[in-house]
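Notes to accompany the following structure.
The values are calculated or read from the model by the stated rules, or taken from the named source; none is laboratory data. Being a predicted model, the structure only gives us computed values, none of them experimental. Backbone-built Cβ (ideal geometry, glycine too); neighbour counts: all protein chains shown. Ligands, DNA and RNA are stripped out before the accessible areas are found, and what is left, the full protein with its side chains, is counted by its heavy atoms. Shrake-Rupley method; radii C 1.70, N 1.55, O 1.52, S 1.80 Å.
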Amino acid sequence: MATSLLGSCTPRAVTAQGRDVNTLYDIFFWIAAGVFVITAGLIAWSIIRYRAKPGDEDLPKQFRHNLKLEITWFAIPQAIVIVLFVLSALTLTDVNERVPEPAATVNVTAYQWGWRFAYEGTDVEVVGTPQQPAEILVPTGNLAFLLTSADVVHAFYVPKFLIKRDTIPGRTTRLDVAVEAPGTFDGECAEFCGLLHHRMPFTIEAVSPDQFQSWLDDMSAEI
Amino acid sequence: MATLDHALAHTAPRPTGVVGWITTVDHKRIGILYMITAVVFFIASGILALLMRAELAQPGLQIMDESTYNQAFTIHGTGMMLLFATPLVAGFANYFVPLHVGAPDVAFPRLNALTYWLYALGGLVVFSGFLTASGAASFGWTGYAPLSDSTYTPGAGVDLWIIGLILVGFSSILGAVNLMATIFGMRAPGMTMFRLPIFIWNMIVTLALIMFSFPVLTAALAALFIDRNFGGGFFDPAQGGDPILWQHLFWFFGHPEVYVVILPFFGVVTEIIPVFSRKPLFGYRGFVFATLLIGAYSFTVWAHHMFTTGSVDNPFFSAMTMLIAVPTGVKFFSWIATMWRGKLRFQTPMLFTMGFLFMFLIGGITGIFVASPPIDLAVHDTYYVVAHMHYVLFGGTVFAMFAAFYYWIPKMSGRMMGERLGKLHFWLMLLGFNVTFFPMHQLGLDGMQRRIPDYLPERGFDTLNALSTVGSAIVAMSILVFISNFLLSMKKGAPAGDDPWGGNTLEWATTSPPPHHNFRSLPPIVSERPVFDARHGVHGDG
Ligand code: HEM
Ligand SMILES: [Cu+2]
Ligand SMILES: [Cu+2]
């Protein structure tokens, strides 16, 4: 709960894509802070400076327009949002880009209420339930998650990846990430999916490719 | 005066008492019925929210099970949006549109009564879901398919939700047609389009949004009803249907809907600020232009609610969503320039208006964040969005609603509201609101999803949730202060007189409350503030 109103407040991501989002968020944050301070400051200034003096019944000057001013205050916000849009569109292309040669491709199926993870090219499958949430291993490096749902819409959400993606029945969506360092990351379902929506946690542990391979072999042998 | 023909036909004595209220076709009485009913739904939906906040105060399930919680947020959201905020707009519009344009009533008074009763009935039908065996609808106010289909959420409560909302939908559409006809057909002589009060301009755009968006909702709900009861398969992938289609239809309605519940309140504060600054609105035409632009843009942004589906053209919807912030910014600068070098008085209506400015500013700024697809991919469906939308809906609509109540209740009742209790109400609400909703931004960034009755203690969400729950109790207290103030003022409040604030628009040119058919005579209309002109002896534009 690293709350700090100065610095940006997003948790630092553990993926390359997530870090792009962090950077974008930080830029937005500082521009937004500037816009807020200026606008709120002007309002506050008006409130303090132009409060009527008791007993002053004269009308203030009745001015109504100033075309130049109005064009300016249309143009400046317009320019700001264009910049923000371009930055967003660039970042979006980055985060949506498919990772080259994923070290693992995981087929994820969400269902009421749990997750099934199947590793492509193997027969390894990990299934979680509300009582026994799934815990899976992945190698560090490039990963592709191919997502679908067996029933209603859910969303695959690992807060430390920052990026989430819906799982939709009848469709396959995709989330590509590059995990930069080993670690354990909690996941959740983010799209409301019925009674036990809050009980769909899962855990992803990123380990070195060697460790991952031996885990995969063990899992395979168990079947 | 404009058309009195149909209205003067009422020569028979009008029934009084309860029967009088039930059979009324008077726009002012219907307006009051709308407002009271909307506030009742505000309180009912608010109680559901307080229960949710109580449940979330600490980890674990303490006061309700999952199913009850899911019903609570569904009916809270539905109730607040469609049974409170939208009909509240109808209430203010009913009462003040005819007064503002100098008309004796709305164009079709009987249709007007019908729309009210359709709404009241629809609202009861939605809430009656709680009385069924399986409870009320429980899939969120957005009703996403296929969760809302009978396979996943069986039960009569959902069908009641659909039928109730279809009734409310018809009510809104018919009401919009009626008010539009009033504005375009019944304006007083001299009231050209550019002399319309800015409230009316905002209403024109609002009514157009209702006319284009509610039919889509109503049709989508009908399709959902067919899916549930007759195997329609519109939204069922197993039958070749498409769950994403529902999202498109819902948000094609849903995004204009948020402007339906905010534009009229932009109108309200744009009436209040000039009166309490004693200056004309700065940039009237620019303001009208901005309102029209918001109306047009609002139909091009709906899929910003669907970025995480991966199936929309993200850059387009993102671009449009960011652009829509620009006309909203223009409005802020108009408001500030109106106050600039004015002589500002801070009675309660103006205080709530200032609260509105600051709170809506925060909600508007976080709106730019969520309009950016990569940021939305992070915060979508988390408490960040819950925070954002309450800064817009509560910080915007509800603060402006109270500004409007304090401003107009003297006109509607003939009595002033108490200033001391009004100020107490304001400060308590400002405090409680921010304590409730500001921490939610951080909870969302830290990954707390919305629509969950419980969270694991190790996720570290407890402190901020407890704080937020305390805030909601303060909000509840502030509402009690308002209710006491209202009841006391209706008994003992100082007489308001015709024009307690030094108003601009025509409602201040008649008695408080106005007589049946509103006006005995009208001042000449040479600008958008005829009552100001009459008071200060102005005889020409500007
Ligand atoms: C005391 C005042 C209020 C409190 C404490 C409150 C609290 C909440 C909370 C905690 C949620 C999230 C529930 C969840 O996701 O689990 C929520 C959702 C919502 N609220 Fe409020 N709220 C209040 C007033 C309002 C008002 C005035 C409006 C609209 C005019 C509103 C509209 C909504 C909507 C549309 C949702 C989404 C419901 C859904 O997820 O389907 N709320 N509210
Ligand atoms: Cu879920
Ligand atoms: Cu929207």
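If I take R0 = 41 Å and measure r between the Cβ atoms of B:PHE230 and B:LEU111 in this structure, what FRET efficiency does the formula 1/(1 + (r/R0)^6) give, to the nearest 0.05? Taking R0 as 41 Å, the efficiency between B:PHE230 and B:LEU111 is 0.85.
Working note: Karplus 6.51/-1.76/1.60 with θ = phi - 60° gives segment A:147-159 the couplings 10, 8, 10, 8, 9, 9, 6, 10, 9, 7, 9, 10, x Hz, where Gly and Pro are set to x. Our summary gives segment A:104-222 a relative contact order of 28 percent, counting only alpha carbon pairs under 8 angstrom and 6 or more residues apart. Taking all Cα pairs closer than 8 Å and separated by 6 or more residues, the relative contact order of chain B comes to 16 percent. Residues whose amide H lies under 5 Å from that of A:ARG174, counting only those 5 or more places away or on a different chain, are A:LEU147; hydrogens are built 1.01 Å from N in the peptide plane.
Spacing of the modelled spin labels on B:ALA181 and A:ALA79, each 7 Å from Cα toward Cβ, amounts to 5.0 nm.
With Cα atoms as the point set, segment B:461-542 shows a radius of gyration and Dmax of 21.1, 63 Å.
Here is the link list: A:LYS53/B:LYS28; A:LYS61/B:LYS331; A:LYS53/B:LYS411. Which ones come out longer than 32 Å on Cα distance? From the list (A:LYS53/B:LYS28; A:LYS61/B:LYS331; A:LYS53/B:LYS411), the Cα-Cα distance tops 32 Å for A:LYS53/B:LYS28.
Separation of segment B:73-115 from segment A:113-137 is 52 Å, based on Cα centroids. Summing charges over all other residues whose Cβ lies under 11 Å from the Cβ of B:HIS536, with Lys and Arg as +1 and Asp and Glu as -1, gives +2. Rolling a 1.4 Å probe over the protein heavy atoms gives the protein assembly as shown an accessible area of 36 Å² per residue.
Taking the charge dipole of the protein assembly as shown about its Cα centre, with +1 at Lys and Arg Cβ atoms and -1 at Asp and Glu Cβ atoms, the residue from B:PRO327, B:ALA219, B:HIS255 reaching farthest to the positive side is B:PRO327.
A convex hull fitted to the Cα coordinates of chain B yields 146 cubic angstrom per residue. Evaluated on segment A:2-96, the Kirkwood hydrodynamic radius is 17.1 Å, with distances taken between all distinct Cα atoms. Nearest 10 degrees, 0 to 90: what angle lies between the long axis of helix B:383-392 and the longest principal axis of chain B (Cα atoms)? It is inclined by approximately 10 degrees. Could you look at chain B and say what percent of its accessible area is carbon and sulfur, using a 1.4 Å probe and all protein chains? Taking all protein chains in place, chain B shows 70 percent carbon and sulfur surface. One quarter of the convex hull surface built on the alpha carbon atoms of the protein assembly as shown amounts to 32.5 nm², the projected area averaged over directions. Expressed to the nearest 5 percent, the antiparallel share of DSSP beta bridges inside chain A is 70 percent. Within the accessible surface of segment A:2-96, defined with a 1.4 Å probe on protein heavy atoms only, the carbon and sulfur portion equals 72 percent. When accessible surface is computed with a 1.4 Å probe, chains B and A are found to bury approximately 7400 Å² between them, both chains counted.
Counting only DSSP beta bridges with both residues in the protein assembly as shown, what percent are antiparallel, rounded to the nearest 5? Given both bridge residues lie in the protein assembly as shown, the antiparallel proportion sits at roughly 70 percent. Legend: Rg and Dmax of segment B:400-542, from Cα coordinates, 22.3, 70 Å. What translational diffusion coefficient, in µm²/s and rounded to a whole number, does the Stokes-Einstein relation yield for segment A:59-129 at 20 °C and a viscosity of 1.002 mPa s, taking the hydrodynamic radius as the Kirkwood radius over Cα pairs? Approximately 120 µm²/s, per Stokes-Einstein. Highest GNM mean-square fluctuation among A:ILE80, A:ILE27, A:ILE48, for chain A modelled with Cα contacts below 10 Å: A:ILE48. For chain B, the longest principal axis of the C-alpha atoms and the axis of helix B:325-339 are separated by about 40°. The figure for B:PHE108 is an accessible area of roughly 100 square angstrom, using a 1.4 Å probe on the protein chains alone.
Taking all Cα pairs closer than 8 Å and separated by 6 or more residues, the relative contact order of segment B:35-93 comes to 57 percent. Can you tell me the 0 to 90 degree angle between the C-alpha axis of helix B:284-297 and the longest principal axis of chain B, rounded to 10? Around 30 degrees separate the two axes.
Do any residues of segment A:52-89 show a loss of at least 50 square angstrom of accessible area between the isolated chain and the full protein assembly, using a 1.4 Å probe, and if so which? Residues of segment A:52-89 that lose at least 50 Å² of accessible area once the other chains are added: A:ALA52, A:LEU59, A:PRO60, A:GLN62, A:PHE63, A:ARG64, A:TRP73, A:PHE74, A:VAL81, A:PHE85. Take the Cα radius of gyration of segment A:78-223 and divide it by 2.2 N^0.38 Å, N being the number of residues; the result is 1.11. In order along segment B:51-57, the phi-based Karplus estimate (6.51 cos²θ - 1.76 cosθ + 1.60, θ = phi - 60°) of 3J(HN,Hα) comes to 5, 4, 4, 4, 5, 7, 4 Hz; Gly and Pro are listed as x. In order along segment A:197-211, the phi-based Karplus estimate (6.51 cos²θ - 1.76 cosθ + 1.60, θ = phi - 60°) of 3J(HN,Hα) comes to 3, 7, 10, 10, x, 8, 10, 10, 10, 8, 10, 5, x, 5, 4 Hz; Gly and Pro are listed as x.
Tell me which aspartates and glutamates have Cα within less than 17 Å of B:LYS491's Cα, excluding those fewer than 8 residues away on the same chain? Of all the aspartates and glutamates, those that pass the test against B:LYS491 - Cα under 17 Å, at least 8 places apart if same chain - are B:GLU419.
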